[in-house]
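Have a look at the structure below before the remarks.
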Protein chains: 2
Amino acid sequence: MGNRALTPDVLVLIAERFKALAEPARLQILNCLRSGEMTVTELVEETSLGQANVSKHLQLLHSLGFVARRKNGLFVHYTLADKSVFQLCDVMCGRLDAEMKARRKLLAG
Amino acid sequence: MGNRALTPDVLVLIAERFKALAEPARLQILNCLRSGEMTVTELVEETSLGQANVSKHLQLLHSLGFVARRKNGLFVHYTLADKSVFQLCDVMCGRLDAEMKARRKLLAG
DNA sequence: CAACTACATTACCTTACAGCAATCTATATT
DNA sequence: AATATAGATTGCTGTAAGGTAATGTAGTTG
């Protein structure tokens, strides 16, 4: 688990970041941003979430460094801050696959 | 993001799994299990969480395939189901490091 | 300056869940 | 069988957080 000491404080920080990903709406937003920069309004249209809702999710994701902001006139463009989000989702998807395979084996076995 | 389609249902499943890690108490339990099999009572002592609390967390972690169970007489031994939990934490720790470095740069710059 | 647009913020409601105490179940011991 | 222990389950309470409507704010346009 890296070279970092897992003190209670660090566990809180890590948990806080996992919690940011523990929400379908935020995962949906992040997934939209995969295709590139998007404004809040575009995200609202694409996700069919409410504007205030999207805005709040974006504030959270930004405060934790998951997305970056670029303001241009009236518009605010958001982008993925880095690709580690998808490393995380990849590992989770791997877990999902393993789970489903195991479940199928139980049913078939 | 792998080869899996990120339909809303899949996003819910992924979010559900991230949520399991979005809790310091559960991260603490998982971290304890790094050193090997442990009984519920041992985990209670090590984490200084309540017994009912630990038991509930273990049910959740087990239902999502994070831990495995082995019953022996009165005792139930829990172990990590696989190592992917630590891949996830490693990536998160990497994010934390990057965040803190960026913060320091801002202060210093 | 007035009206409009894009986004952020606030206030409120509702739901989910961590923590705890009490109880229940299963196993072991005498 | 009676008692004790390990763990699971249930009911309760307080708190955190998602969704939404209303409002606020910065920037733009006429």
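Every read-out reported here was derived from the displayed coordinates using simple, explicitly stated rules and does not represent laboratory data. What you are looking at is a predicted structure, and each value in this text was computed from that prediction instead of being measured. Counting neighbours? That spans all protein chains shown, and the Cβs are built from the backbone with ideal geometry, glycine included.
Projecting the Cα atoms of B:39, A:40, B:109 onto the charge dipole of the protein assembly as shown (Cβ charges, centred on the Cα centre) puts B:109 farthest toward the positive pole. For the Cα trace of the protein assembly as shown, dividing Rg by the Kirkwood Rh returns an Rg/Rh value of 1.01. Taking Cα centre as origin and charging only the Cβ of basic (Lys, Arg, +1) and acidic (Asp, Glu, -1) residues, the dipole magnitude of region B:1-89 rounds to 200 debye.
Among the residues of A:5-12, the average count of other protein chain beta-carbon atoms within 10 Å of the residue beta-carbon is 4.
Ascending distances from the residue A:8 label point to its copies in the other chains, with the point 7 Å along the Cα-to-beta-carbon line: 4.1 nm.
For B:89, B:32, which order do you get if you count the other beta carbons within 10 Å of each Cβ and list the fewest first?
Details: B:89 23, B:32 18.
In increasing order of surrounding Cβ atoms, one gets B:32, B:89.
Considered as an equivalent ellipsoid built on the Cα gyration tensor, chain B has semi-axes of 30, 21, 12 Å, the largest given first.
The other copies place their residue B:39 label points at 6.4 nm from this one, listed shortest first, where each point is 7 Å from Cα along Cα→Cβ.
For region B:79-106 versus region A:56-82, the inter-centroid distance based on Cα atoms is 21 Å. Using C-alpha pairs under 8 Å with a sequence gap of at least 6, the mean separation divided by the residue count of chain A gives a relative contact order of 21 percent.
Rounding to the nearest 20 debye, state how big the charge dipole of region B:67-109 is about its Cα centre with +1 on each Lys and Arg Cβ and -1 on each Asp and Glu Cβ.
Working: 9 positive and 4 negative charges, 15 e Å.
Around 80 debye, computed over region B:67-109.
Projecting the Cα positions of B:24, B:75, B:63 onto the charge dipole of region B:1-83 (unit charges on Cβ atoms of Lys, Arg, Asp and Glu, taken about the Cα centre) puts B:63 furthest along the positive direction.
Mind checking which helices in chain A clear 27 Å along their axis (Cα) and have mean Kyte-Doolittle hydropathy of -0.5 or more, DSSP H runs only?
Numbers: long enough: A:84-108 (36 Å, 0.16).
Passing helices, by number: A:84-108.
Each other copy places its own label point for residue B:25 at 2.6 nm from this one, sorted shortest first, where the point lies 7 Å along the Cα-to-beta carbon line. Rounded to the nearest 20, the size of the Cβ-charge dipole of the protein assembly as shown about its Cα centre is 200 debye, with Lys and Arg at +1 and Asp and Glu at -1.
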